[in-house]
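Chemist: Quick one: the structure is below, and I'll ask about it shortly.
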């Protein structure tokens with residue numbers, strides 16, 4: 001069993017340990033491009049490269065990962081949950097019920113989200129959430 005702090009360490013560990021199971025953080029430094037991910041998932045074995053490429057087609061591209069990283073740095077966890085509810089078309093009451101908070105607290109979170117993003121309308125927040133892969 002091993003643990004890596006960056007893409008290069010992960011590649012080295014996979015080559016050395018040849019694990020049967022790999023749990024991978026796709027926002028790991030040094031693991032941004034599809035080539036690095038394919039190499040990591042293939043474990044340095046050509047026979048696994050096709051499977052790794054098929055798996056990677058299911059994953060977000062690096063621009064989506066970068067957008068997600070920026071959003072996480074901008075918004076807090078609860079703000080992300082509220083924004084996710086907005087993007088799903090839920091009302092403040094529905095979001096509040098789902099998160100066990102009052103509609104007024106939902107509105108307070110939305111006020112902070114609007115201040116941080118510079119967006120005003122709910123439709124703008126929804127579009128922004130979709131563009132930044134908040135789902």
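The values are calculated or read from the model by the stated rules, or taken from the named source; none is laboratory data. Only a predicted model underlies this, so the values are computations on that prediction, with no experimental measurement involved. Counting neighbours? That spans all protein chains shown, and the Cβs are built from the backbone with ideal geometry, glycine included.
Chemist: Please determine, by comparing only the residues of the range 95-107 that are assigned to a helix (DSSP H, G or I) and over 24 Å from the mean Cα position of the chain (by Cα), which one is surrounded by the fewest Cβ atoms within 10 Å (Cβ to Cβ).
Modeler: Going through the qualifying residues, I end up with 104.
To keep it simple, each residue is scored yes or no on (1) closer than 10 Å to residue 83 by Cβ; (2) in contact (Cβ under 8 Å) with a residue 40 or more places away in the chain; (3) not assigned by TED's automatic domain parsing to the domain that holds residue 78.
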| residue | (1), (2), (3) |
| --- | --- |
| 95 | yes, no, no |
| 101 | no, no, no |
| 104 | no, no, no |
| 107 | no, no, no |
| 112 | no, no, no |
| 115 | no, no, no |
| 118 | no, no, no |
| 122 | no, no, no |
| 125 | yes, yes, no |
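Chemist: Count, please, the residues in the range 74-93 that happen to be outside any loop (DSSP other than H, G, I, E, B) and free of Cβ contacts under 8 Å to residues at least 40 places away in the same chain.
Modeler: Here the count works out to 8.
Chemist: Sticking with this one: Does the range 1-12 hold any residues that are surrounded by 11 or more Cβ atoms within 10 Å (Cβ to Cβ) and modelled with pLDDT of 80 or more, and which are they?
Modeler: Across the range 1-12, the qualifying residues are 9, 12.
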